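A.B. asks: This is the structure, below, for whatever I ask next.
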Amino acid sequence: MSAIPEIYGKVLNIGIDVDGVLRDIMTPIINHYNKTYQQKIKIHDITNWNFDQFFPHMPDVYKYAFYENARSTFVDSQPYDGAVNFMKKIHQKYQVWIITHQYKGNEILTLEWLNKHDIPFHSIAFTPSKSDVGCHVLIDDAPHNLERFTNSSNRHAICFRQPWNAEWTGKYVNGFDDLFTEIEKISMEKNIA
């Protein structure tokens, strides 16, 4: 078991991913790719997690985005529409964990981004094992994270719909209004605030 504590109690504990849920890192990567390689890729063209296949002219999209241009990718990216207001709303009512996997050295850039956009949270976990964090709910755009999370009993996985996660067959939402409604339902079901 992880060293990350379980935090069940009288308050609904919500874990939320950053990239692909709160922060749009794909748009600047796509914009750079299109400009550099005279291409016309759009976000809806990226239909699975094997991102390399969608950027065939770029030698290594991960190296470009997560190392060579990490500051631009992580600090300069914009929040998705409605993300900041959503976080402020749930922060007032629930226990909010940021649960994100970041490449070594990029954690500080994510903290800088959260601060830059005044995104509130109670706790943060930088971990590839999101299922180890003791939350009632995990909101993520990665089906593999959600699948591992739902293997534990009495927990709810919610997929934030993106073009690259269409294979997810569980619960998903299309935006922050839908997400807030779903969280409210879970809170009522669990009879906790």
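The values are calculated or read from the model by the stated rules, or taken from the named source; none is laboratory data. Note that this is a predicted model, so its numbers are computed, not measured. With ideal geometry, Cβ positions are generated from the backbone for all residues, glycine too; neighbour counts draw on all protein chains shown. The accessibility values were calculated without ligands, DNA or RNA, using every heavy atom of the protein model including side chains. Shrake-Rupley method; radii C 1.70, N 1.55, O 1.52, S 1.80 Å.
Listed here are the residues, each with its yes/no results for (1) touching a strand residue (DSSP E or B) at 6+ places or on another chain (Cβ under 8 Å); (2) assigned to a strand (DSSP E or B); (3) aliphatic (A, V, I, L, M).
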| site | (1), (2), (3) |
| --- | --- |
| Ile139 | yes, yes, yes |
| Asn154 | no, no, no |
| Ile158 | yes, yes, yes |
| Leu179 | yes, no, yes |
| Glu182 | yes, no, no |
| Glu189 | no, no, no |
| Ile192 | no, no, yes |
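A.B. asks: Here is a follow-up. Can you find a residue in the range 132-144 that is more than 28 Å from Ser72 (Cβ to Cβ), of a type in the set (Gly, Ala, Ser) and in contact with a Leu (Cβ under 9 Å, 6 or more places away or on another chain)?
C.D. replies: Looking for residues that are more than 28 Å from Ser72 (Cβ to Cβ), of a type in the set (Gly, Ala, Ser) and in contact with a Leu (Cβ under 9 Å, 6 or more places away or on another chain), one finds none in the range 132-144, hence no.
A.B. asks: Does Val11 satisfy the condition of being within 20 Å of the chain's Cα centre (by Cα) and of a type in the set (Val, Ile, Thr)?
C.D. replies: Criteria not met by Val11.
A.B. asks: Across the range 6-44, which residue is nearest to Ala83 (Cα to Cα) among those that are of a type in the set (Gly, Ala, Ser) and surrounded by 14 or more Cβ atoms within 10 Å (Cβ to Cβ)?
C.D. replies: That would be Gly20.
A.B. asks: May I pose another question? Identify the residue in the range 16-46 that is free of Cβ contacts under 8 Å to residues at least 40 places away in the same chain and in a loop (DSSP other than H, G, I, E, B) and, among all such residues, is farthest from the chain's Cα centre (by Cα).
C.D. replies: Among those that are free of Cβ contacts under 8 Å to residues at least 40 places away in the same chain and in a loop (DSSP other than H, G, I, E, B), it is Gln38.
A.B. asks: Tell me, please, whether a residue that is charged (D, E, K, R) and either touching a strand residue (DSSP E or B) at 6+ places or on another chain (Cβ under 9 Å) or open to solvent by 80 Å² or more (accessible area, probe 1.4 Å) (or both) can be found in the range 45-60. Explain how you work it out, then say what you get.
C.D. replies: As a first pass, look at the range 45-60 and keep what is charged (D, E, K, R): 45, 52, 60.
From what is left, the residues that are either touching a strand residue (DSSP E or B) at 6+ places or on another chain (Cβ under 9 Å) or open to solvent by 80 Å² or more (accessible area, probe 1.4 Å) (or both) are none.
Scanning the range 45-60, I find no residue that is charged (D, E, K, R) and either touching a strand residue (DSSP E or B) at 6+ places or on another chain (Cβ under 9 Å) or open to solvent by 80 Å² or more (accessible area, probe 1.4 Å) (or both), so the answer is no.
A.B. asks: Evaluate the following for Ile119: is it buried (at least 18 other Cβ atoms within 10 Å of the Cβ), out of contact with any Cys (no Cβ under 9 Å at 6 or more places or on another chain), part of a loop (DSSP other than H, G, I, E, B) and modelled with pLDDT of 95 or more?
C.D. replies: yes
A.B. asks: Cβ-Cβ below 6 Å, separation at least six or inter-chain, first residue in the range 47-73 and over 19 Å from Asp24 (Cβ atoms), second loosely packed, with under 15 Cβ neighbours inside 10 Å and aromatic (Phe, Trp, Tyr): which pairs?
C.D. replies: Pairs that qualify, where the first residue is over 19 Å from Asp24 (Cβ atoms) and the partner is loosely packed, with under 15 Cβ neighbours inside 10 Å and aromatic (Phe, Trp, Tyr), are His57/Tyr37.
A.B. asks: So which residues in the range 138-182 are open to solvent by 50 Å² or more (accessible area, probe 1.4 Å) and either under 16 Å from Asn13 (Cβ atoms) or in contact (Cβ under 8 Å) with a residue 40 or more places away in the chain (or both)?
C.D. replies: His144, Thr150, Ser153, Asn154, His156, Ala166, Glu167, Asp177
A.B. asks: Can you give me the number of residues within the range 88-108 that are surrounded by fewer than 19 Cβ atoms within 10 Å (Cβ to Cβ) and within 15 Å of the chain's Cα centre (by Cα)?
C.D. replies: Total meeting the criteria: 3.
A.B. asks: Does Trp113 satisfy the condition of being assigned to a strand (DSSP E or B) and touching a residue at least 60 places away in the same chain (Cβ under 8 Å)?
C.D. replies: For Trp113, the condition - assigned to a strand (DSSP E or B) and touching a residue at least 60 places away in the same chain (Cβ under 8 Å) - is not met.
A.B. asks: For the range 123-130, indicate whether the set of residues that are out of contact with any Asp or Glu (no Cβ under 7 Å at 6 or more places or on another chain), of a type in the set (A, V, I, L, M), farther than 19 Å from Ile192 by Cα and not in a strand (DSSP E or B) is non-empty.
C.D. replies: no
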